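*Asks:* Handing you this structure, nothing more for now.
The values are calculated or read from the model by the stated rules, or taken from the named source; none is laboratory data. Owing to the predicted nature of the structure, the values given are computational and were not obtained by experimental measurement. Reconstructed Cβ throughout: ideal geometry from the backbone, glycine too, with neighbour counts over all protein chains shown. When the accessible area is computed, the model is the full protein with side chains, heavy atoms only, and any ligands, DNA or RNA have been set aside. Shrake-Rupley method; radii C 1.70, N 1.55, O 1.52, S 1.80 Å.
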Amino acid sequence: MKGRFLINGETWELEFPPEATLLEVLRSNGFTEVKHGCDDGLCGACAVLLNGKPVPSCQVLAATATDQPIVTAQGLGTVHRPHPIQKALAEAGAVQCGFCTPGIVVSTYALLQKTPDPTEEEIRHALDGHICRCTGYVKILEGVRLAAQRWKRAK
Ligand code: FES
Ligand code: FES
């Protein structure tokens, strides 16, 4: 089947099998920053923003995600032009292998859009669905706090 996808501000007319997930469609079209982890909606590595909300793209049928804004971590910032959230995570030492990072970036972005001054509990809740095998989470929490401080100052 064919569908129109609105990815990172650009329109893509794509062909895909009816049973394809949004994760499969994104990765097969070059959006490899969206990571393929558990495939079960449990690890958060595949998170993207769909209509501004973080979703595990492995659990979304691509056919249901057409004509709606989709944002991946790369749509927020790149290595050469990182988003302040990506910078804060890197500065806090929250990026080791980096596999979990794109998902954490989009969930943090959604959190700070809605709650620019989040409590510890709100940060933990927002990152609930993200598994990191490397950092032990302490540095991720530090990175999100740092991003929140900067976000608040920039407002
Ligand atoms: S790959 Fe989608 S939640 Fe793990
Ligand atoms: S930095 Fe390796 S999984 Fe999080």
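*Asks:* Counting only heavy atoms of protein chains, what accessible area per residue, in Å², does region 21-60 have with a probe of 1.4 Å? Please list the in-between numbers first.
*Replies:* Numbers: 1710 Å² over 40 residues.
Normalised by residue count, the accessible surface of region 21-60 is 43 Å².
*Asks:* Hey, got a sec? Which GluC sites (Glu not before Pro) in region 18-62 land in a DSSP loop and have at most 13 other Cβ atoms within 10 Å?
*Replies:* Working: sites: E19, E24, E33; in loops: E19, E33.
Of the GluC sites (Glu not before Pro), the ones in loops of region 18-62 whose Cβ has at most 13 other Cβ atoms within 10 Å are E19.
*Asks:* Same structure again: Once you put a point 7 Å from the Cα of R153 and another 7 Å from the Cα of S28, both along the Cβ direction, what distance in nm separates them?
*Replies:* 4.5
*Asks:* Ok, one more. For the chain, what is the number of Lys pairs with C-alpha distance below 18 angstrom, counting only pairs 8 or more positions apart or on separate chains? All intermediate terms of the calculation are to be shown ahead of the outcome.
*Replies:* Values: K35/K53; K53/K114; K87/K139; K87/K152; K87/K155; K114/K152; K114/K155.
The result is 7.
*Asks:* What is the angle, in °, between the Cα long axis of helix 101-114 and the longest principal axis of the Cα atoms in the chain? Nearest 10 is fine, range 0 to 90.
*Replies:* 70
*Asks:* Quick one: helix 138-154 against the long Cα principal axis of the chain, what's the angle to the nearest 10°, folded into 0 to 90?
*Replies:* The two axes meet at around 90 degrees.
*Asks:* For V138 and K2, calculate 0.36 nm times their separation in residues minus their Cα-Cα distance, and state this gained length in nm to one decimal.
*Replies:* 44.6 nm
*Asks:* At a temperature of 25 °C and a viscosity of 0.890 mPa s, determine how fast region 84-154 diffuses translationally according to Stokes-Einstein, using the Kirkwood radius over alpha-carbon pairs as Rh; express D in µm²/s, rounded to the nearest whole number. Before the final figure, lay out each step's value.
*Replies:* Numbers: Rh = 11.7 Å.
Result for D is 211 µm²/s.
*Asks:* Of the accessible area of the chain, with the probe set at 1.4 angstrom, what percent is carbon plus sulfur? List each step's numbers first, then the result.
*Replies:* Numbers: 4360 of 8430 Å².
Answer for the chain is 52 percent, counting heavy atoms of protein chains only.
*Asks:* How many angstrom lie between the Cα centre of region 83-121 and the Cα centre of region 1-43?
*Replies:* Cα centroid of region 83-121 versus Cα centroid of region 1-43: 22 Å apart.
*Asks:* Would you mind computing Rg(Cα) / (2.2 N^0.38 Å) for the chain, counting N as its residues?
*Replies:* Values: Rg = 15.1 Å, N = 155, 2.2 N^0.38 = 15.0 Å.
Against the empirical 2.2 N^0.38 Å value, I get 1.01 for the chain.
*Asks:* Shifting gears a bit: Where only protein heavy atoms count, and the probe is 1.4 Å, what is the accessible area per residue for region 84-154 in Å²?
*Replies:* Working: 3840 Å² over 71 residues.
It amounts to 54 Å² per residue over region 84-154.
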